[in-house]
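K.L.:
Below are the structure tokens for one structure; questions will follow.
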Amino acid sequence: MKKYRALTEVEIIRLESQNCKADNWKNVQVAIDFKTDFIHHVRFSGNVCLGVFSEEFLLAGGITKHSGLSYVTLHNVTVGDNCCIEYVKNYIANYIIGEHTLIANVDMLLVDGKTAFGNGTEVSVLNETGGREVMIYDRLSAHQAYIMALYRHRPALIGQMKKIVCAYADSVTSETGTIGNDVVIMNSGSIKNVRIGDCCRIEGAGRLNNGSINSNALDPVHIGYGVVCDDFIISSGSHVDDGTMITRCFVGQACKMGHNYSASDSLFFSNCQEENGEACAIFAGPFTVTHHKSTLLIAGMFSFMNAGSGSNQSNHMYKLGPIHQGVVERGAKTTSDSYILWPARIGAFSLVMGRHVNHPDTSDLPFSYLIEDKSTTYLAPGVNLCSVGTIRDAQKWPKRDLRKDTDRLDQINYNLLSPYTIQKMMKGRTILKELERVSGETSEQYSYQSAKIKRTALRKGIALYETAIHKFLGNSVIKRLENIRFGSDEEIRERLRPDVPIGEGEWIDASGLIAPKSEVERLMRDIETGELREVEQIHRRFVEMHANYYVYEWTWAYRKMLDFYGLHAETITAKDIVSIVRCWKEAVIGLDKRIYEDAKKEFSLSSMTGFGADGSKKEQKSDFEQVRGVFERNPFVMEVLRHIEVKTELGDELIARLGNLL
């Protein structure tokens, strides 16, 4: 606790000679080593505590500015050591300001009455008219918001979760705000009821009202020119710039928002990038990206999603108003000028092209293309499995995780193939086979939900899903048996047995966290019964699920392996494992070759159109190669070829290791 003392008579006289005034000088306390040298044109009211002002700030352009106070009114304010506060047009009231903080040319900094600084604000996500409100707070994760928004059929659970968040909001409610250490606030308008963390930089903000900016030294927050925020939480590492306007929004860690983006009643979790467009009542899970002025995201749930220019949705059919919602599962993309009429559900890693007005539900057919032709939705199941774009996305997401804060709110699983997607492919394979059986193998097209599937697309979809299943199960088996030499089939069986029973049954994607539904159910029960009653307890449970993913995954994969290949746990042999590995090799190499061929299309003659603007075909090709490179030396292509080699060697090594048991 910093010690303060009263001003001496000499100090008061000197301050008054420097055009300083106080309602009552007895209410002004100062640090032991306080000096009056750099304080002038200051008015003090209420209880004020001042640190020392002995250091300088080095500003951009090489200019230095000494710490001190000038042309500012302070009311009930504590100022830490070596701050520089100057040219505040109105006043600063009811704040504790940390050390080495610079505040200059600001309209007003004010805390007015008791406030929770945005904590406890209800966001009407997914449904503008209410019913799925999520209470935002400093520690909100995508997974907790997922439960709060979607499990409304469990009122006891929702009631307890609201109670927990309200308790947290009460714990931070205060009549005094805080501005952290090493903060810069310059050229900004009114800042009211806002708590500001360490190392935050606010430059030219228009208005900030009722919120928390959870910046820290590891991952500072930047708020730029023209930004307007009302009723908000902004997490560490985020950048909100260039006229962005948000109202009742949660902005997760390492998000980027700019270029006049506008959002209301929306949640944006880790690594979202939102520019130019508009959002209303959306649940933007990790890596939801939109860059275009013409793009509107409304009343939908998204994650790992890229919205094309002109993407749009409708959440009402002009009858009962905006009450409809949609889900676009992880990894989906929308092309330019795509449109979806809610309600609808788009399967994971699918591509949406054209206008879709018949409420498609393709959740059980992931990795599909949805293409509109003459107002009809045509579905091509599984084709995105061999798209070079899908693989590139899966590789780039971990590299684009910009979070530097070691305390990560969202537990993100980047796996393309997981129990979540494979269970859907298994179900999708069954659906497609049943469609073929019921309608007949000679049918030219099949109807599924509100979509049409052509015969060739259906058969290709079955084959692709089977290939992906072989790949996933083979990956799991090889990983389980790696680096071990076995002396008998019984030793193999023993090693294959799961370590824990957790993982069997259905898996869910709780907005980035892939986990067994049973574990999420256990978490929810523990919240309902009161066993979990603090926000940190819930957070630790999500961290635990994420940390145990591969343990739980093997439990699921083991059971599916037995079922899919018609094996029995008590009789499985090395010969069976070798058969699985050979299927896996064929699947991996087959998919990689398809991806290789898909990548090759990017280097075709038609792709060179527009290159070599004023030259011959030879110059066109040369220009293309200078810009795009040569196909054989493309890093992604080289990685695909290397992947084929590595996986082939990996499979051959396991087969050789089991050779003595064949």
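Values in this text are rule-based calculations from the coordinates and carry no lab data. Not measured: the values here are computed from a predicted model. Using ideal geometry, Cβ is built from the backbone for each residue, glycine included, and neighbour counts are taken over all protein chains shown.
K.L.:
Check cross-link reach from K396 to the aspartates and glutamates: straight Cα distance under 14 Å, and skip same-chain residues fewer than eight apart.
P.N.:
Filter leaves E639.
K.L.:
Measure of size requested: the Rg and Dmax of segment 122-172, with Cα atoms as the atom set and Å as the unit; please supply both.
P.N.:
10.5, 30
K.L.:
Exposure proxy check: V327, V165 ranked by fewest other beta carbons within 10 Å?
P.N.:
V327, V165
K.L.:
Distance between Cα centroids, segment 264-294 to segment 499-565: provide it in whole Å.
P.N.:
28
K.L.:
With both partners inside the chain, how many of the DSSP beta bridges are antiparallel, as a percent to the nearest 5?
P.N.:
15
K.L.:
Please give the Cα centre distance for segment 440-457 versus segment 82-148, rounded to the nearest Å.
P.N.:
Using only Cα atoms, the two centres lie 53 Å from each other.
K.L.:
While we're looking at this one, here's another question. Three principal axis extents, largest first, for the C-alpha atoms of segment 59-142, in Å?
P.N.:
53, 32, 21
K.L.:
For segment 1-110, what is the charge dipole size about the Cα centre, in debye to the nearest 20, if Lys and Arg each add +1 at the Cβ and Asp and Glu each add -1 at the Cβ?
P.N.:
220
K.L.:
Once every DSSP H run of n ≥ 4 in the chain is given -39500 (n - 2.57) and the sum is divided by its residues, what mean residue ellipticity at 222 nm do you get, rounded to the nearest 500 deg cm²/dmol?
P.N.:
After summing the helix terms and dividing by the residues of the chain, the value is -10500 deg cm²/dmol.
K.L.:
Among residues other than M425 whose Cβ falls under 10 Å from its Cβ, what is the net charge (Lys/Arg +1, Asp/Glu -1)?
P.N.:
Counting the neighbours of M425, the net charge comes to +1.
K.L.:
Hey, got the Cα dimensions of segment 1-110 along the principal axes, in Å, largest first?
P.N.:
For segment 1-110, the Cα extents along the three principal axes come out at 40, 31, 27 Å.
K.L.:
Just the number, please: Stokes-Einstein D of segment 476-533 in µm²/s, Kirkwood Rh from C-alpha pairs, 37 °C, 0.692 mPa s.
P.N.:
Estimated diffusion coefficient is 231 µm²/s.
K.L.:
Follow-up question, since we're still on this one. Can you tell which of I538, A574, W584 lies farthest toward the positive end of the dipole of segment 449-607, using +1 and -1 charges on the Cβ of basic and acidic side chains (Lys, Arg; Asp, Glu)?
P.N.:
Value: W584.
K.L.:
Quick one: net charge around E56, please, counting Lys, Arg +1 and Asp, Glu -1 for every other residue with C-beta under 15 Å from its C-beta.
P.N.:
With Lys, Arg at +1 and Asp, Glu at -1, the net is -4.
K.L.:
Moving to a separate point now. State which entries of K293/K404; K3/K89; K256/K424; K26/K65; K399/K460; K560/K647 exceed 25 angstrom in Cα-Cα distance in the structure shown.
P.N.:
Long pairs (Cα-Cα over 25 Å): K293/K404; K3/K89; K256/K424; K26/K65; K399/K460.
K.L.:
Also, quick follow-up: Along the charge dipole of segment 1-110, which of I39, S17, L7 sits closest to the positive end, that is, farthest toward it, with unit charges on the beta carbon of Lys, Arg, Asp and Glu (+1, +1, -1, -1)?
P.N.:
L7
K.L.:
With +1 on each Lys and Arg Cβ and -1 on each Asp and Glu Cβ, how big is the dipole of the chain about its Cα centre, in debye rounded to the nearest 20?
P.N.:
1340
K.L.:
If you average the C-alpha positions of segment 1-25 and of segment 197-256 separately, how far apart do those two centres end up, in angstrom?
P.N.:
Computed from Cα coordinates, the inter-centre distance equals 35 Å.
K.L.:
With N denoting the number of residues in segment 426-570, provide Rg(C-alpha) divided by 2.2 N^0.38 Å, to two decimal places.
P.N.:
The value comes to 1.36.
K.L.:
Explain nothing, just the number: dipole magnitude of segment 122-172 about its Cα centre with +1 on each Lys and Arg Cβ and -1 on each Asp and Glu Cβ, in debye rounded to the nearest 20.
P.N.:
In debye, rounded to 20, segment 122-172 gives about 240.
K.L.:
Just add up the charged neighbours of K454: K/R +1, D/E -1, any other residue whose Cβ is under 10 Å from the Cβ of K454.
P.N.:
+3
K.L.:
Residue farthest toward the positive end of the dipole of the chain, with Cβ of Lys/Arg at +1 and Asp/Glu at -1: which of N119, I492, Y168?
P.N.:
Farthest towards the positive end: I492.
K.L.:
Please give the length that would be gained between H292 and R152 if that part of the chain were fully extended, namely 0.36 nm times their separation in residues minus their C-alpha to C-alpha distance (nm, one decimal).
P.N.:
Using 0.36 nm per residue and subtracting the Cα-Cα distance, I get 47.1 nm.
K.L.:
While we're here: How long, wide and thick is the chain, going by the Cα atoms along their three principal axes, in whole angstroms, largest first?
P.N.:
Result, largest extent first: 97, 68, 55 Å.
K.L.:
Per residue, how big is the convex hull around the C-alpha atoms of segment 405-470? Give it to me in cubic angstrom, could you?
P.N.:
Dividing the Cα hull volume of segment 405-470 by its residues yields 117 Å³.
K.L.:
When the Kirkwood radius is taken over all Cα pairs of segment 224-357, what Stokes-Einstein diffusion coefficient follows at 37 °C and 0.692 mPa s, in µm²/s?
P.N.:
227
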